[in-house]
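Before any comments, here is the structure.
Please treat every number below as a calculation from the coordinates, not as lab data. Keep in mind it's a predicted model, so treat the numbers as computed, not measured. So basically every Cβ, Gly included, is an ideal-geometry build from the backbone, and we count neighbours across all protein chains shown.
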Amino acid sequence: MKRDQSTAEGNMHKPTIPGPDPDTRTPKFKLPALACDAHTHIFGPGDKYPYAPGRPYTPPDAPLEDFQALHKKLGIGRAVIVNASVHGTDNRVALDAIAVSDGTFRAVANIDDTIAERGLRELHEGGFRGCRFNFVRHLGGVPDMRVFHRIVAMVAPLGWHIDLHFDAIDLPEYAEMLAKLPVRYTIDHMGRVKASDGLDQLPFRTLIDLMTRDEKCWVKVCGCERVSSGGPPFHDAVPFARRIIETAPDRVIWGTDWPHPNVKVMPNDGDLVDLIPLFAPEPELQQKILVDNPARLFEF
């Protein structure tokens with residue numbers, strides 16, 4: 001019986017997705033000083049920061065040490081840790097990382113409406129500047145919208161933004177609700193649109209329309225490997241990133257999405273950095289997307 005229990009526990013902690021490419025290539029593109037990876041994760045280690053029992057997947061550990069080594073190799077000076085669903089509403093992994101970052105990290109929390117005002121204040125003082133909601137189907141689907149709006153009302157006085165992860169097909173349905181939000185919001189991974197569906201597809205037109213008419217709407221030009229239909233080097237995602245940047249250059253931020261959970265093709269982070277000058281060749285736009293915009297949104 002004990003052996004069966006031990007086996008079951010071992011399987012429960014066995015990774016169900018692959019880890020990142022361990023051989024990060026040094027990018028050709030030199031990032032500007034204080035460039036910010038504004039969408040990245042730290043996973044575990046699971047023995048110190050346990051994964052949530054009801055998590056949608058189990059990642060290999062991607063701890064702070066690996067995170068720091070990656071950013072050193074890429075030339076990244078600041079980072080925003082998006083606390084992933086695998087850690088549930090336990091935000092300690094990001095809180096602890098910020099505490100040793102000498103002011104170079106911020107974070108986005110996973111919370112529910114059971115959090116007290118004191119708990120929110122502790123997260124804010126610890127360097128959190130937003131909270132995330134997953135609408136993506138393979139990660140659990142639509143949250144309880146009454147809870148969603150309660151949490152928005154709770155974090156608004158702190159000046160937090162809401163980070164939103166959608167399936168592209170669902171963006172048109174939520175566009176009006178987003179435009180009415182009383183806070184700024186970021187949309188992850190360029191809305192997860194499919195490059196093969198073209199720039200004129202309804203989800204992407206919806207995203208561009210939101211950016212055009214709603215000054216609260218920010219977009220992350222990350223996840224080129226998720227948007228791409230052609231695979232590495234993911235160049236078919238570049239026109240989408242370019243259109244987003246041209247639409248609202250003061251409300252666009254960039255990130256690696258390391259360690260790339262649930263991707264079809266694992267990218268090399270050096271290759272992702274080298275996409276930046278393809279969709280933002282102008283130094284002034286690079287400075288905005290990589291330094292100025294994230295500094296404003298996350299209060300670096």
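Modelled spin labels at Lys30 and Leu199, positioned 7 Å past Cα toward Cβ, are 3.2 nm from each other. Available extension along the chain between Asp112 and Asp236 is 40.9 nm, counting 0.36 nm per residue and deducting the alpha carbon span.
In a Gaussian network model over the chain where Cα atoms closer than 10 Å are linked, find which of Ser229, Ser196, Ser85 has the largest mean-square fluctuation. Looking only at Ser229, Ser196, Ser85, the largest GNM fluctuation is found for Ser196. Listed values for region 90-104 are Karplus-derived 3J(HN,Hα) couplings in whole Hz (6.51 cos²θ - 1.76 cosθ + 1.60, θ = phi - 60°), namely 8, 9, 5, 4, 7, 4, 5, 5, 4, 4, 10, 9, 6, x, 9, and x replaces Gly and Pro.
So if we plug the beta-carbon distance of Met266 and Ala179 into 1/(1 + (r/R0)^6) with R0 = 25 Å, what FRET efficiency do we get, rounded to 0.05? The pair Met266/Ala179 has a calculated efficiency of 0.10. In order along region 189-196, phi translates into HN-Hα couplings of 6, 6, x, 6, 5, 9, 4, 5 Hz, rounded to whole numbers, per the Karplus curve 6.51 cos²θ - 1.76 cosθ + 1.60 with θ = phi - 60° and x for Gly and Pro.
For Lys48, a cut-off of 28 angstrom between C-alpha atoms picks up these lysines, skipping any fewer than 8 places away in its own chain: Lys2, Lys14, Lys72, Lys73.
What you get for the chain, charging only the Cβ of Lys and Arg (+1) and of Asp and Glu (-1), is a dipole of about 120 debye around the Cα centre.
In the chain, the sites counted are GluC sites (Glu not before Pro) in DSSP loop states with at most 11 other Cβ atoms within 10 Å, and the longest stretch holding none of them, exclusive of the sites, is 1-214. Amide H of Phe43 versus every other amide H placed in the peptide plane: which residues, excluding those fewer than 5 positions away on the same chain, fall under 5 Å? The list, which skips near neighbours in sequence, is Ala62.
Across region 268-273, coupling constants 3J(HN,Hα) worked out from phi with the 6.51/-1.76/1.60 Karplus curve, θ = phi - 60°, read 9, 5, x, 5, 5, 4 Hz, and Gly and Pro carry x.
For Ile81, the residues whose modelled amide H falls within less than 5 Å of its own, excluding neighbours fewer than 5 places apart on the same chain, are Arg106, Ala107, Val108. Under the simplified labelling scheme, the Asp90-Lys72 pair shows an inter-label distance of 2.8 nm, with each label point 7 Å from Cα along Cα→Cβ.
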